[in-house]
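Read the figures in this text as sums done on the coordinates, not as results from a lab. A quick note: this is a predicted structure, and the numbers were derived from the prediction, not measured. Here Cβ is always computed from backbone atoms with ideal geometry, including for glycine, and neighbour counts include all displayed protein chains.
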Amino acid sequence: MMHFEFQVEGGNFTKAGAASSQLKKILKQLNVDPKIVKRIVVALYEAEVNIVAHAYKGDIIIDIDTQKIGIKLIDEGPGIPDIEQAMQLGYSTASPSVREMGFGAGMGLPNIKNNSDELRITSEVNKGTIVELITYLNQ
């Protein structure tokens, strides 16, 4: 099993996507199917940008084995009061300044769901959110 950890700084859009770029390189070196690589990178990028846009900081933990890739994102932030509502296409709580940068269109969580095989979100208001996703390598 391979294990990787990344730190994400809230508000730092210049570094948004650093973890997903690293993971893409790793998966290509491991000769993972390009279609699967694309799905994983899209899901991780969206989740990473969510931390940057909404939280103070976060950690990304990635575990890769021969069967699957598990990604866990843990952030310290405002939390999600209504996860079901947040999962709806186009729903966003992003600030106007985040939207001006081209983020916060309400596509993040739906994109994560569509690009992972399993998705679990737990959140506590005023504490933070945990997003766990699994993508299977043999499909």
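P(r) tail for the stretch 49-139: Cα pairs beyond 19 Å make up 41% of the total. Computed over the chain with a Gaussian network model linking Cα atoms closer than 10 Å, the most mobile of Ile71, Ile61, Ile112 is Ile61.
When you filter the GluC sites (Glu not before Pro) in the stretch 1-71 for DSSP loop state and at most 10 other Cβ atoms inside 10 Å of their Cβ, nothing is left. Taking a straight line from the alpha carbon of Lys25, these lysines sit under 20 Å away, with near neighbours fewer than eight places off in the same chain left out: Lys15, Lys35, Lys38, Lys68, Lys72.
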